[in-house]
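Undergrad: Structure incoming, see below.
The values are calculated or read from the model by the stated rules, or taken from the named source; none is laboratory data. If you're wondering where the values come from, they're calculated on a predicted model, not measured in any experiment. Don't worry about glycine lacking a Cβ; one is built from the backbone with ideal geometry, like all the others, and counts go over all protein chains shown. We work out accessible area using only protein heavy atoms, side chains counted, and drop any ligands, DNA or RNA first. Shrake-Rupley method; radii C 1.70, N 1.55, O 1.52, S 1.80 Å.
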Amino acid sequence: VPAAARIIAGGSGFAAVLFAYNAVAFGSPLHLGYASEEGFTQLHTGLFGITYPQWWRLREILVGSYRGLLPLSPLIALTPVGLVMLGREPARRRPAIVAAAIAAFYLLLNASYYYWEGGWAIGPRHVTPALPFLALGLAPLWDAGGRAGRAVLSAAWLWGVALTLVAVSTTPQPPASFKAPLSELLWPAFRDGDLSLNDATFVHSSSRFGSLRGNQVPHAAWNLGEIIHLHGHASLLPLGLVWALAAAALSRTP
């Protein structure tokens, strides 16, 4: 109860701002903006498009080539085992149950949503709030894994890091028309050194996605290397330097 009271107290100020905005924008503090969304008719089905989980959505969210989580981050597949291990310790049982429940909630919520794919995205973006809670399961796996187990965990981690680098170096918002965005757009672009593909600024809602490759249209995105006139893979050198400095600082900690 005290924890719930603190959460409510901390959120009340932000809720007041939201209620005031809704009142000014829509005439009622309880009118949510999604209720006025145009062009997405299924938002009026169920609760803003949320009905009940469907198996095919769950399969696509986890292993599909369009938005599958596990092909991008195989490390996540091991986290339920870690949470079970965590739950065997009486002092950590309740946190482990809470973490698992939060993860299950977001997974089932995403599988219940008509627009489950989340628009322009890499991976199932509606599941991402669950990932920090799932990650709690990695600690007991690391502690119990030994040299071989830690090698497996490290390899799975490096796979996810590499694919994330590919995505953020090119565009983490590939157009929805790419049914296998990693193999159809992101990896070929990264392989060719064709980076910072986004051509839509914050105030633009559309992109000429058919011309993203080869600098056919001016790009609105950039990285630090491109600011100092580096191109292609060389433009990632400043990022690599930041990583090296961070790793050096981390290695000096007890």
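Undergrad: What FRET efficiency comes out for the pair Arg125/Val203, r = Cβ-Cβ distance, R0 = 35 Å, nearest 0.05?
TA: Efficiency for this residue pair is about 0.95.
Undergrad: Distance in nm between label sites at Leu245 and Tyr34, each 7 Å beyond Cα in the beta-carbon direction?
TA: According to this spin-label approximation, the distance is 4.1 nm.
Undergrad: Give me the 1.4 Å probe accessible area per residue for the stretch 103-200, excluding ligands and nucleic acids, in Å².
TA: Ligands and nucleic acids excluded, the figure is 48 Å² per residue.
Undergrad: Under 8 Å for C-alpha pairs, at least 6 residues apart: give me the relative contact order for the chain, rounded to a whole percent.
TA: 14 percent
Undergrad: What does the highest-first list of 166-173, 186-193, 87-94 look like by mean Cβ count within 10 Å?
TA: By packing density, highest mean first, the sequence is 166-173, 186-193, 87-94.
Undergrad: I'd like the accessible area for Arg57: 1.4 Å probe, protein heavy atoms, all chains in place, Å² to the nearest 10.
TA: About 20 Å², ignoring ligands and nucleic acids.
Undergrad: Which FRET efficiency value, to the nearest 0.05, is calculated for Ala15 and Arg147 with the Förster distance at 41 angstrom and r the Cβ-Cβ distance?
TA: Between Ala15 and Arg147 the formula returns 0.25.
Undergrad: Could you go through the stretch 46-61 in sequence order and give the Karplus-derived ³J(HN,Hα) for each residue, using 6.51 cos²θ - 1.76 cosθ + 1.60 with θ = phi - 60°, rounded to whole Hz, and x for Gly and Pro?
TA: Running phi through 6.51 cos²θ - 1.76 cosθ + 1.60 with θ = phi - 60° gives x, 9, 6, x, 9, 10, 8, x, 10, 4, 5, 5, 4, 4, 5, 5 Hz.
Undergrad: Can you give me the distance in nm between label points at Leu237 and Ala23, each placed 7 Å from the Cα along the Cα-to-Cβ direction?
TA: It works out to 5.7 nm between the two label points.
Undergrad: Please go through the stretch 1-81 and write out the GluC sites (Glu not before Pro) that DSSP classes as loop and that have at most 15 other C-beta atoms within 10 Å.
TA: Counting only loop positions with at most 15 other Cβ atoms within 10 Å, the GluC sites (Glu not before Pro) in the stretch 1-81 are Glu37, Glu38.
Undergrad: Something else: Please label the shape of the stretch 76-166 as rounded, prolate or oblate, based on the square roots a ≥ b ≥ c of the eigenvalues of the alpha-carbon gyration tensor (a/c under 1.5 means rounded; beyond that, a/b larger than b/c means prolate, else oblate).
TA: It is oblate, given that a/c is not under 1.5 and a/b is not larger than b/c.
Undergrad: Quick check: from the Cα gyration tensor, does the chain come out rounded (a/c under 1.5), prolate or oblate?
TA: Oblate shape, in that a/c is at least 1.5 and b/c is the bigger or equal ratio.
Undergrad: Rounded if a/c is under 1.5, else prolate if a/b beats b/c, else oblate: with a ≥ b ≥ c from the C-alpha gyration tensor eigenvalues square-rooted, which is the stretch 49-108?
TA: Oblate, since a/c reaches 1.5 and b/c is not below a/b.
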